[in-house]
Structure formats: C-alpha cells, structure tokens
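Undergrad: Please see the structure below; I have some questions.
Since every read-out is calculated from the coordinates, none of them should be taken as a lab result. Keep in mind that what you see is a predicted model, and the values were worked out from it rather than measured. We place every Cβ from the backbone using ideal geometry, glycine too, and count neighbours over all the protein chains shown.
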Amino acid sequence: MSRIRRLRSLHGEQFRYELLKRDGRIQFRKFQESGREHYHLRIWLEAPADTLARITKVSYRLHPSFSRPVRTSNDREHRFAIEIWTWGLFEIEATAYFDDGSADSTSFYLGYELPEDDGHTYVDVG
C-alpha cells in the first residue's frame, strides 16, 4: 500500500506511507461519535544512508483541516517519520533540510486503499 515519490533534485529518495496495524489489523477510530473513521498512518523518507546522514529534519505540510498542518521530524533513526490519523486523501508537501543549510521540497499524494472487511481486517482503537 505504499506510494512513492522522488524529491526533485536528489537521487533515490522516496516518501512512503503505510496504514498502521495492531495485531495484524488496520487501526481506526472516531474522534466524534457521529464522525468519520480515521485511519492511523506512518509517513517516512526512504533514502540511502549517506543521504539520510546529511538531512537534519523533514517538514510535512498536511491538509489545512489538520489542527497542526505542519509536522516536523528530526528523527533520522526512524527515517524522519511522522504518524497521523486521517480519514481523507490529500496532497502532502515535504521539505528536507540539509546540514549545509540547503533544503529540497516535493509533494506527493496520500492515497491509500482500504481492503474489504472480513470481520478481522480492522480494529477500533478509540
């Protein structure tokens, strides 16, 4: 279910995302009783070790409906990952900041597909 996009001027870098699972089941929750089901996702930068070593942080600009639409990760060990809860599909702008003071941005579409529920596919973690 991962989608991949390349940073414009780098080589081999890709943003990936995945639906997070608990005990093999896709996590969801409702933030309001009559609201939509939100799904738990992780987004990260897949890149060669030498490229990751030069990056100091990655900022993600999410949909403006998020209470905090800009999320930043300094966590190189986990490939600058962030985790979000979302019900929708949208464009994300990501900016990688390098130790030499430069930055590079790209955008990618967060477009996950939900599998049909067989009674054991999803777990409500709300």
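Undergrad: Six or more apart or on different chains, Cβ atoms under 8 Å: show the pairs whose first residue is in the stretch 39-59 and more than 17 Å from residue 104 (Cβ to Cβ) and whose second is of a type in the set (S, T, N, Q).
TA: Final answer for the pair search is 39/27; 39/86; 40/27; 41/86.
Undergrad: I've got another one for you. What pairs come up if the first residue lies in the stretch 60-84 and is at negative phi and without any contact (Cβ under 8 Å) to a residue 60 or more places away in the chain, the second is in a loop (DSSP other than H, G, I, E, B) and of a type in the set (D, E, K, R), and their beta carbons are under 7 Å apart, counting only those six or more places apart or on different chains?
TA: 81/75
Undergrad: Can you name every one of the strands (runs of 3 or more DSSP E) wholly within the stretch 81-126 that holds 3 or more residues which are among the polar types (S, T, N, Q)?
TA: 103-110
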